[in-house]
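Enquirer: Take this structure, written in structure tokens, and hold onto it; I'll ask about it next.
The values are calculated or read from the model by the stated rules, or taken from the named source; none is laboratory data. The structure presented is a predicted model; accordingly, all values stated were derived computationally and were not measured. Neighbour counts run over all protein chains shown; Cβ positions are idealised from the backbone, glycine included.
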Amino acid sequence: MQSKVNAVGETLAGIPHLKLPPAKLLNVLDAVKRAGPERPLVVADIRGLFPGMSEKSVIRGMALPAGTRLQLVRATDDTIVLAPNGGGAFLSRLSGADFVAFAIRATAITRYGIRPALLADPGGMEFEISGMGKRSREPIARFVSYLRFFQERRLAWSAAGFRVLPGPNYRTKLDLREGRSLIDEELPKGRLLSLDEARSALLRRLWKDGVLATSFDVDDLFAQLYSGDRPPIQLWKQAVRGIDELLIEGTSYGSLIVAQE
């Protein structure tokens, strides 16, 4: 039993500590959408959700760590904006809660290495970590509270009219030929684009066309096209790694250019 606990503990060790109550997440995303991109305006809007609490506790302690670590928000010293996946809470065919439920599971698998079977059974996850110390259990217990609050409703995906759906690992494999056409139609040629700018443009089109995907699926498309014959894009390396990076074989990329014909 102890070896099993250790194995599960190692798998879950990378889960971030999310101090923001899950019931407040959609409110935070709505504030970012409404008040962004200027950071002071977003900060003021989010603080209004937590009367009597300090800016440090609300913004740096809860809202931004949760939003950024779940790949739903991007923050700099001057700006706070929705990440490409955060935009899905408002722009996809799903309700905000249903898209966030999908996105946080895709993030857990892609960024934190959590197995789909553990995400499917939050109660089992809690049981497996019962032998850990309190400090080790708390981040996982908080993440489980997110899984319980944002419950997966796969029937809602089809009901919303999506024709291409993710598999059991919450990932959607995009067709390379269709991906080339999508890039040609949605991204300007010869101009340096941030990866988030390119991701958002393609995701908006995919959702409109009935393909349920996240930025991680778009990243896979970029990586495959970049490494193939006659790549339609060139990825640009960045010296400093960031939360919005595309990491390919240890190299961090932060922007791209669509090739001129």
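Enquirer: Considering only the stretch 218-261, how many residues are touching a residue at least 60 places away in the same chain (Cβ under 8 Å) and farther than 26 Å from ALA75 by Cβ?
Expert: Final tally of qualifying residues: 4.
Enquirer: Further question on the same structure: From the list ALA13, ALA31, ALA63, exactly one residue is farther than 16 Å from GLY86 by Cα and either in contact with a helix residue (DSSP H, G or I) (Cβ under 9 Å, 6 or more places away or on another chain) or at pLDDT 95 or above (or both). Which is it?
Expert: Answer to the selection: ALA13.
Enquirer: How many of the residues making up the stretch 94-111 are at pLDDT below 95 and either among the polar types (S, T, N, Q) or farther than 13 Å from ASN169 by Cα (or both)?
Expert: 1
Enquirer: Hand me the list of helices (runs of 4 or more DSSP H) wholly inside the stretch 162-261 holding 3 or more residues that are surrounded by fewer than 19 Cβ atoms within 10 Å (Cβ to Cβ) and among the acidic types (Asp, Glu).
Expert: 176-186
Enquirer: Is it fair to say ALA103 is in a helix (DSSP H, G or I), over 25 Å from GLU128 (Cβ atoms) and among the aliphatic types (A, V, I, L, M)?
Expert: So ALA103 fails the test.
Enquirer: I'd like to know if the stretch 3-20 contains one or more residues that are surrounded by 20 or more Cβ atoms within 10 Å (Cβ to Cβ) and not aliphatic (A, V, I, L, M).
Expert: No.
Enquirer: Given the options VAL28, VAL32, VAL43, VAL81, name the one that is out of contact with any His (no Cβ under 9 Å at 6 or more places or on another chain), β-branched (Val, Ile, Thr) and within 26 Å of LEU12 (Cα to Cα).
Expert: One residue alone meets the criteria, VAL28.
Enquirer: Evaluate the stretch 221-239: report whether one residue or more is under 17 Å from the mean Cα position of the chain (by Cα) and modelled with pLDDT of 95 or more.
Expert: Yes.
Enquirer: If you don't mind, there's one more thing I want to ask. Is at least one residue of the stretch 35-47 free of Cβ contacts under 8 Å to residues at least 60 places away in the same chain and under 23 Å from ASN169 (Cβ atoms)?
Expert: Within the stretch 35-47 (the criterion being free of Cβ contacts under 8 Å to residues at least 60 places away in the same chain and under 23 Å from ASN169 (Cβ atoms)), the answer is no, since none of the residues qualifies.
Enquirer: While we're here: Restricting attention to the stretch 137-171, and to residues there that are touching a helix residue (DSSP H, G or I) at 6+ places or on another chain (Cβ under 6 Å) and of a type in the set (Ser, Thr, Tyr), which single residue is nearest to VAL211 (Cα to Cα)?
Expert: For the stretch 137-171, the residue satisfying everything is TYR170.
Enquirer: Follow-up question, since we're still on this one. Report yes if some residue within the stretch 116-136 is under 22 Å from ALA213 (Cα atoms) and surrounded by fewer than 14 Cβ atoms within 10 Å (Cβ to Cβ); otherwise report no.
Expert: Scanning the stretch 116-136, I find at least one residue that is under 22 Å from ALA213 (Cα atoms) and surrounded by fewer than 14 Cβ atoms within 10 Å (Cβ to Cβ), so the answer is yes.
Enquirer: Quick test for you: out of ILE46, ILE59, ILE80, pick the one residue that is farther than 27 Å from ARG204 by Cβ and surrounded by 21 or more Cβ atoms within 10 Å (Cβ to Cβ).
Expert: ILE59
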